Amino acid sequence: RKEVEQDPGPFNVPEGATVAFNCTYSNSASQSFFWYRQDCRKEPKLLMSVYSSGNEDGRFTAQLNRASQYISLLIRDSKLSDSATYLCVVGFSGGYNKLIFGAGTRLAVHP
Amino acid sequence: GAVVSQHPSWVICKSGTSVKIECRSLDFQATTMFWYRQFPKQSLMLMATSNEGSKATYEQGVEKDKFLINHASLTLSTLTVTSAHPEDSSFYICSANKGQGSSPLHFGNGTRLTVT
């Protein structure tokens, strides 16, 4: 079983749609959680951290369920510029920050 | 602006040659940097953790003699792919933690290596 699992997609949605991505992780010792965005042939860029209480940043809402070891990302009012691969990332501390990446979910927003 | 700089952005080399990739933290000191590799349509895979002033820690299945890591200063880590082969062609990305504890990582812009 992969440490971080995501639905690879692609999710093809029209502009303005709401889309949700899910992610599960296997290691209950995971301590930090993030969503990164990766555009084709580019490095990953941090979209948002994910907190236990859930958090929102504009059109993006992230949720964490530690009991179920489940993370979600909701994108409202999708824009063409949201088209990218969204990476679910789980971190372990212990002196330094080791991150485990999911394979990513590809989103394509069309006019 | 960028906080981690990686060079070169892309490189094409012949089979059997060695390629060095540099990763620099621009406005902070990084005692630890990470090297990832990503094949097309696959996840980033951690190759090794680069520790300033000591040996790198390699992930299982990564050959330390093939992927040489040097972290000689607090702002520079290098990855050398020795005796490169076509199967080493990949996207190599470094990262560093600017903050403490579980702060998110900052990534370099990546190096696309093509071995012919």
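Every number here is computed from the coordinates shown, using simple stated rules; none is lab data. None of the values given here were measured: they were computed from a predicted structure. Positions of Cβ are backbone-derived with ideal geometry, glycine not excepted, and every protein chain shown enters the neighbour counts.
Data overview
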quantity	calculated
Charge sum, other residues only, whose C-beta stays under 13 Å from A:PHE11's C-beta, Lys/Arg counted +1 and Asp/Glu -1	-1
Among B:CYS94, B:CYS23, B:CYS13, residue whose mean-square fluctuation peaks in a GNM of chain B (springs only between Cα atoms under 10 Å)	B:CYS13
Antiparallel DSSP beta bridges within segment A:8-111, percent to nearest 5	90
Nitroxide proxy distance, nm - points 7 Å out along Cα→Cβ at B:GLN42 and A:PHE92	2.1
Residue pairs, from the table A:LYS42/A:LYS79; A:LYS45/B:LYS64; A:LYS45/B:LYS20; B:LYS20/B:LYS66; B:LYS41/B:LYS64; B:LYS14/B:LYS66, whose Cα atoms sit over 22 Å apart	A:LYS45/B:LYS64; A:LYS45/B:LYS20; B:LYS41/B:LYS64
Approximate spin-label separation B:GLN60-B:SER5, in nm, with each point projected 7 Å along Cα-to-Cβ	3.8
Whole-number Å³ per residue for the convex hull built on Cα positions in the protein assembly as shown	127
Simple spin-label estimate for B:GLU52 and B:THR114 in nanometres, 7 Å along Cα-Cβ	3.6
Within a Gaussian network of chain B (alpha carbon springs, distance under 10 Å), most fluctuating of B:GLY16, B:GLY53, B:GLY61	B:GLY61
Cβ neighbours within 10 Å from other chains - mean over B:43-49	5
Segment B:39-86 versus segment B:1-23: alpha-carbon centroid distance in Å	12
Sequence ranges A:49-59, A:77-87, B:33-43, A:99-109, ranked by mean other-Cβ count within 10 angstrom, highest first	A:99-109, B:33-43, A:77-87, A:49-59
Descending semi-axes in whole angstrom, ellipsoid equivalent of chain B, from the Cα gyration tensor	22, 15, 13
Those Cys residues of chain A for which no other cysteine Cβ falls under 4.7 Å	A:CYS40
